[in-house]
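What follows is one structure encoded as structure tokens, with my remarks underneath.
The values are calculated or read from the model by the stated rules, or taken from the named source; none is laboratory data. Because the structure is a prediction, the values reported are computed rather than measured. Here Cβ is always computed from backbone atoms with ideal geometry, including for glycine, and neighbour counts include all displayed protein chains. Surface accessibility is based on the protein's heavy atoms, side chains included, excluding ligands, DNA and RNA. Shrake-Rupley method; radii C 1.70, N 1.55, O 1.52, S 1.80 Å.
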Amino acid sequence: GDGSWRIVLAGPAILGIPQAILMIACFWGYESPKYLYLKGKEDEARHVLEKIQSPSEIAETMNSLTLTRGGTQKKILWKDLRQPHYYRPLLLAMIVMGAFHACGTASILAYSTDIFSSVDSSQSLHDSIMATFLYVGITNTVSTIIGL
């Protein structure tokens, strides 16, 4: 062939570089102070807080962690989801998920090279694939930033 398959494989690899950097950086990140505190490692939790917070914030955070440990946080079970106060959040989550799938995003992505090449028939397959990765990458990045 014409080597266009290389672009199809290279596109996701290039777009995945930021995720790979974050994944590797996780090995040098700090453990969650809340996790450490709840596991009984108060000194380690304070040590992490000293690295990421100002001294005036550490005491307040340690107090909130103490309240978290002393609080009665119960684990939510499947049977708990039948309680009326969970109906609205569950319904909203299902509506959002259904709307996402109903809007055809997956279909558009699956046929995006055909869509872009049909818009401009003078484009080669290579240009169409590059345009697809560019448009989809920009759209995903902007949507993610807006969603934050």
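Just a few scattered comments:
- His47 exposes around 100 Å² of accessible area when a 1.4 Å probe is run over every protein chain in place.
- Sequence of Thr66, Thr61 from largest to smallest accessible area, 1.4 Å probe: Thr66, Thr61
- Solvent-accessible surface (1.4 angstrom probe) belonging to Tyr87, in square angstrom, nearest 10: 130 Å²
- Area of Val119 that stays accessible when all protein chains are in place (1.4 Å probe, Å², to 10): 120 Å²
- Largest to smallest in accessible area, the residues Met94, Met130, Met62 fall in the order Met94, Met130, Met62 (1.4 Å probe, all protein chains included).
- Ordered from largest to smallest accessible area (heavy atoms of protein chains, 1.4 Å probe), the residues Val48, Val142 come out as Val142, Val48.
- Between Ile146 and Met23, the modelled labels are 2.8 nm apart [label points 7 Å from Cα along Cα→Cβ].
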